[in-house]
């Protein structure tokens, strides 16, 4: 019986160490079975889209470059990340503007000039392509610490949704979570 067990183990080990073609076939079959799984009935239907696949890494670079330009107070670099036509920005306070890239940067410069320092810490980002809408999105989660020239310091967590067209940001919506001051 011991000999039979040893022969079985050796045979099993030999089969496990064969070429990767059988593993590739198994992985492919496994992938097909996952994609062939029945759809789950969801209680809602997305108005915009629910069909997303991973997006372009180059779009992540564009979006992160816009944040880097903001942090470094480099308005020319910031301008290079936005489209030329009417861009839409929806700020965390609910204010929305639709303007050209040049006007957008002009307004941003006025606010940025009130700050002596901007520090950004990124927690995550993701790039997504909406299949049915053919849109590119980059979502970013980060913390911004603004030091005003008056000495006041603000810390805020943000989640921003950035839509890109032809590698440029054309729409952005920001959502914030402010730190609450501890009660004494």
- Item | In range of the label at residue 73: residues from segment 85-112 whose backbone nitrogen is under 14 Å from the point 7 Å along Cα→Cβ | 109-112
- Which order do 135, 74, 160 fall in if you start with the one that has the fewest other Cβ atoms within 10 Å? 74, 135, 160
- Note on the structure: Footprinting proxy, 129, 148: sorted fewest to most Cβ within 10 Å, the residues are 148, 129
- Item | Point-to-point label distance, residue 126-residue 91, nm (Cα→Cβ direction, 7 Å offset) | 2.8 nm
- Item | Residues 52, 122, sorted so that the one with the fewest Cβ neighbours within 10 Å comes first | 122, 52
- Task: Please say if segment 67-184 is rounded, prolate or oblate, where rounded means a/c under 1.5 for a ≥ b ≥ c the square roots of the C-alpha gyration tensor eigenvalues, and otherwise the choice is prolate for a/b larger than b/c and oblate otherwise?
- Result: oblate
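Just so you know, all these numbers are worked out from the coordinates, no wet-lab data involved. This is a predicted model, so every value here is computed, not measured. Here Cβ is always computed from backbone atoms with ideal geometry, including for glycine, and neighbour counts include all displayed protein chains.
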